[in-house]
Amino acid sequence: MFNPVQLGFGIRGGAEAAVHAVRTYVETTHTEARVVVKLDFCNAFTTLRRDVLLTTVLARFPACYRYIWQSYRYPSHLSCGSSQLSSETGVQQGDPYGPLGYGLGSLPLFENLDCDIAVGFLDDVTLAGQADKVIAAVRTIIARGFKMGLELNLGKCEIYSVGSFTADRLHAIRKVLDTFPGMVVAKEEDLVLLGAPLTSAACEIFLQSKTVQLDHFLRRLKNIPAHFSLYLLKNCLFIPKLLYGFRTARCYEHMPLMETMDKCMRAGLSSILNIRVNDMQWSQMTLPVRDGGLGLRATKSLVLPAFLASAYSVASLVSSIYPSTNEAHLASAVQQWATQTRSEPPTDNARKFQTAWDRPAIDHVVSTLRLAATTETDKAVLLAALNRDSGAWLNALPAPSLHTFLRDDEVRIGVALRFGLHVVEEHNCVNCASRETNGHHGLSCSSSKGRWSRHLELNSETKRKPRAFLARWSHPDCQTRLISARTA
């Protein structure tokens, strides 16, 4: 019902589809000047007339009419201190049916608009086309919105022009401003739709601002326990804040900025965990947890899979929004991905999933790590990290009340042992004078006293006489003595 004009409710990938369609329109070379207009309504959710809402719901979605009628047939009372306010228009904040009701009520705004693109994400409406047609469409939306209780806020509406000749673009903008003088002319570096940059200049500004935010987060995370910091970086403050931008914008065209962001993360993480990391160890740390990593993905390895998966997953929806689009604009991104991963692109059924684009790069890194592990210690460290359950502690919620919280030294040692880092300064063992930096020798020194020597003897006995050793310990008399000892 909403496809392809109102993408804010019930449309999978609706925001990404709107951004991809408008960005493709902006990147297309037009022989004549075109304008892109972003419309903003004043308090749209709270000003939509409820009689219009109920009438539209009854006509288009009668199955839920009785529930919405019961919710909005009478005004609601909102408490503000000792006084009460009467809520008589719009949908209520927190109502699960609120976006659906607004989407249904706003559908008449998009009927029979003669534009190249006319798409909305709830109260954010974007129009694109020739200046005269866009002007007529805006007039129509103003007239229809007035009947619904919606009013444009021209001070927040933006206009941008595309085309081959600068003079034609300026003329098109002037024509729209003469009709709607309050609109703001957007610059190329400020052209953003639904939080996603549409141009290369805007993408550069977006990445620079995210790098500044990341540096700010890293400096503040030093003041809290390392386990909390690591969990927040992995699940909240790094890739989760960037992934939407990676999926909707051509961030892969700015690899130097990606590398700067990764260097910032590497330096900040080393400071938080108090560890030193070389290039090979950092490449392993940026893998997913189940593939032997830390779960903090590198931006330069994730940006292409995210963009390609998003573009292909909403390709049909983008074509319905902007019929002139095709997959030719993705050829350069696919070629760059193939060059980096040395792999063939996924099949038609799999290319809409980000995992299908990300898995070849992960497998390539893992194979490189296997080849680089030349010593027995390096091989053991890598195989232990690749065990599926070895990284479960990295995914656990650090909650002291659940006894899943680790102190700073425990986190540092856990990360160091997982990746074979230098957990201590080079020193001589006090028992056998062996030199070490990774802390492994202290766990298995044959000259140490107490339980470690007993563990070493048990391992040595198992290696020397496995069959006789297992047969002796499996004897019934031995088992009886063992049970008696445990009971005692």
Report yes if some residue within the range 242-257 is under 30 Å from Leu397 (Cα atoms), open to solvent by 60 Å² or more (accessible area, probe 1.4 Å) and part of a helix (DSSP H, G or I); otherwise report no. yes
Select from the range 292-348 the residues that are within 27 Å of Asn387 (Cα to Cα), in a helix (DSSP H, G or I) and either more than 21 Å from the chain's Cα centre (by Cα) or of a type in the set (S, T, N, Q) (or both) and list them in ascending order. Thr299, Ser301, Gln340, Thr341
Do any residues in the range 284-308 that are over 16 Å from Lys234 (Cβ atoms) have Cβ atoms under 8 Å from those of residues that are of a type in the set (S, T, N, Q), where the two are at least six apart or on different chains, and which pairs are they? Leu304/Gln336; Leu304/Gln340; Pro305/Gln354; Ala306/Gln354; Phe307/Thr248
So which residues in the range 406-436 are in contact (Cβ under 8 Å) with a residue 40 or more places away in the chain and part of a loop (DSSP other than H, G, I, E, B)? Leu406, Arg407, Gly420, Leu421, His422, Val423
Could you check the range 160-197 and list, in sequence order, the residues that are part of a strand (DSSP E or B) and over 21 Å from Ala15 (Cβ atoms)? Ser161, Val162, Val184, Val185
Identify the single condition in (1) in a loop (DSSP other than H, G, I, E, B); (2) polar (S, T, N, Q); (3) modelled with pLDDT of 90 or more that Thr24 does not satisfy, given that it satisfies every other one. (1)
Considering only residues that are open to solvent by 60 Å² or more (accessible area, probe 1.4 Å) and touching a residue at least 12 places away in the same chain (Cβ under 8 Å), look in the range 388-405 and name the one that is farthest from the chain's Cα centre (by Cα). Phe405
Subset of the range 149-168 [touching a residue at least 60 places away in the same chain (Cβ under 8 Å) and open to solvent by 70 Å² or more (accessible area, probe 1.4 Å)]: Glu151, Lys156, Phe165, Asp168
Would the range 317-340 turn up any residue that is surrounded by 15 or more Cβ atoms within 10 Å (Cβ to Cβ), hydroxyl-bearing (Ser, Thr, Tyr) and more than 21 Å from Gly13 (Cα to Cα)? no
Failed criterion for Gly94 (all others in (1) part of a loop (DSSP other than H, G, I, E, B); (2) open to solvent by less than 80 Å² (accessible area, probe 1.4 Å); (3) modelled with pLDDT of 85 or more hold): (3)
Test Val125 against the criterion of being open to solvent by 10 Å² or more (accessible area, probe 1.4 Å) and of a type in the set (A, V, I, L, M, F, W, C), and give yes or no. no
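The values are calculated or read from the model by the stated rules, or taken from the named source; none is laboratory data. Remember, it's a predicted structure, so these values are computed and weren't measured experimentally. With ideal geometry, Cβ positions are generated from the backbone for all residues, glycine too; neighbour counts draw on all protein chains shown. For accessibility, only protein heavy atoms count, side chains too; no ligands or nucleic acids. Shrake-Rupley method; radii C 1.70, N 1.55, O 1.52, S 1.80 Å.
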